[in-house]
Amino acid sequence: MLFNLSDTLVIGISATALFDLKEADQVFREKYAEDKDTAIVEYRKYMLEREDEPLQDGTGMPLVKALLELNKYQPEDEAPLVEVVVMSRNSPETGIRVLQNIRNKQLKISRHAFTGGESVVDYLDAFDVDLFLTTMVKDAQKVIDGKTCAAAILKDPPKNPKKLPEGQVRIAFDGDAVLFDESSEIVYKAEGLDKFCESEDQQQNEPMQEGPYAALLKKISRLQERLPFSVESSPVRISIVTARNAPAEMRVIKTLRHWGVYVDEIFFLGGLEKTKVLEAFHPHIFFDDQELHIENAAKVVPSGKVPYSSSSPLHKQAIDRSER
């Protein structure tokens, strides 16, 4: 049966984000440094010899499992609430191990793309993807630069993860340069905290421009509307965890109201560390644009970094910092 997926939340996820494939990836990289053709042959051999072996969960697995569970509320003869597409640079043959593990875990994933070493990014639009989760920095950057959809580079899974809430999906977002555009963050970095707060207070009745994750938040809001629950009791729970504080807080709330989206929790931390709040919220995933926040958060909750557009001054600043 063919469905229109315009009301379906579609997640595209790389095999390396769904499963822990670091060992296989290391085999490829070590050989690639010597010879590309040899690397391909050795990787193929490695995967074929292990195609019946189990894989450990990757960082994106908790989110995928929780989202797919929502389809039990799917209205009859309507499009699914959630679709997951596994998008992998593996060839169909070396992808058998991934497919076997999907079946063994009884994940209800029916769509896949195996591109035999080519980038999967060109196929995101063909699969109507709203969020692309990957471990490949270049792929995520290409998606953000092309404004194809929301994208994140997933960090390694937490080493000692806490049990996540059952029967719910919990997603946490940073605000500036993630849900909202980066203009306010640029003011903060260029002119300091006082000027930032003054500017945001003066503009509190002017909605912020949409950031790379605004369309995703609106799609999640549509998902909430399709579920047989009020938004207040929805199994999809959304949190914004931002370094903002008064008097820069009102613009956030009024922007969300202008967009017509419902957010369950907002934390204005005023520069405090985000980790403890995230640990208390127990998200299935947290998205942030700043490396410092992501590195700390990834120790306790599944986390993904949102790249800046290559044309952004924040992108250049991030590169400059990494090269120091």
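Here the residues Ser110, Ser184, ranked from fewest to most Cβ neighbours within 10 Å of their Cβ, fall in the order Ser110, Ser184. Charging the Cβ of each Asp and Glu at -1 and of each Lys and Arg at +1, and nothing else, the dipole of the range 5-154 about its Cα centre rounds to 240 debye. Between Glu93, Glu76, Glu118, the residue with the greatest mean-square fluctuation in the GNM of the chain (Cα pairs under 10 Å linked by springs) is Glu76.
In sequence order, the range 203-215 has phi-based couplings of 9, 4, 9, 9, x, 6, 6, 6, x, x, 10, 5, 4 Hz under the Karplus curve 6.51 cos²θ - 1.76 cosθ + 1.60, θ = phi - 60°, and Gly or Pro positions carry x. As a proxy for reagent exposure, ranking Leu63, Leu70 by other Cβ atoms within 10 Å from fewest up yields Leu70, Leu63. With a Förster radius of 51 Å applied to the beta-carbon distance between Asp37 and Gln203, the computed FRET efficiency rounds to 0.35. Here the scattering of the range 164-255 is modelled by Debye summation over its C-alpha atoms, one equal scatterer each and no solvent; at q = 0.20, 0.21, 0.25 Å⁻¹ the log10 of I(q)/I(0) is -0.96, -1.02, -1.27.
Footprinting exposure proxy ranking of Tyr308, Tyr262, fewest other C-beta atoms within 10 angstrom first, gives Tyr262, Tyr308.
Anyone know which of Phe28, Phe268, Phe132 comes out most mobile in the 10 Å Cα GNM of the chain? Highest fluctuation among the options: Phe28.
Taken about its Cα centre, the chain carries a charge dipole of about 580 debye when Lys and Arg each add +1 at the Cβ and Asp and Glu each add -1 at the Cβ. Across the range 169-323, the convex hull enclosing all Cα atoms gives 106 Å³ per residue. Note: relative contact order over the range 169-323, using C-alpha pairs below 8 Å and six or more positions apart, is 28 percent. Pairs of Cα atoms nearer than 8 Å and 6+ residues apart set the relative contact order; for the range 83-135 it is 47 percent.
Hydrodynamic estimate: the Kirkwood radius of the chain over Cα pairs, inserted into Stokes-Einstein at 37 °C and 0.692 mPa s, corresponds to D of 159 µm²/s. Extension gain, Val231 to Lys45: 0.36 nm times the residue separation minus the Cα-Cα distance gives 62.0 nm. Once the Cα-Cα distance is subtracted from the 0.36 nm per residue extended length, the Asp194 to Leu107 segment shows a gain of 26.4 nm. Extents of the range 106-192, largest first, come to 50, 36, 23 Å (Cα atoms, principal axes, whole angstrom). I need the shape label for the range 250-324. Rule: rounded when a/c is under 1.5, else prolate if a/b > b/c, else oblate, with a, b, c from the alpha carbon gyration tensor. Verdict is oblate for the range 250-324.
Expressed as a fraction of 2.2 N^0.38 Å, the value expected for a compact globular protein of N residues, the C-alpha radius of gyration of the range 5-154 is 1.06. Rounded to whole numbers, the Karplus 3J(HN,Hα) couplings from phi for the range 234-251 are 5, x, 9, 10, 10, 10, 10, 10, 10, 6, 4, 8, 4, x, 9, 8, 4, 5 Hz, using 6.51 cos²θ - 1.76 cosθ + 1.60 with θ = phi - 60°, and x at Gly and Pro. Listed by chain and number, the lysines placed with their C-alpha closer than 26 angstrom to that of Lys105 are Lys22, Lys45, Lys65, Lys72, Lys155, Lys159, Lys162, Lys163, Lys299; residues fewer than eight positions away on the same chain are left out. What do you get for the angle between helix 313-323 and the principal long axis of the chain? Use alpha-carbon atoms, 0 to 90 degrees, nearest ten. Long axis of 313-323 versus the principal axis of the chain: about 60 degrees.
With the cut-off at under 13 Å, measuring from each backbone N in the range 197-235 to a point 7 Å along the Cα-to-Cβ line of Lys72 picks out 235.
No value in this document is a laboratory result; all are computed from the given coordinates. Quick caveat: nothing in here was measured; it's all calculated off a predicted structure. Every residue, glycine as well, gets a Cβ built from its backbone with ideal geometry; the counts of neighbours run over all protein chains shown.
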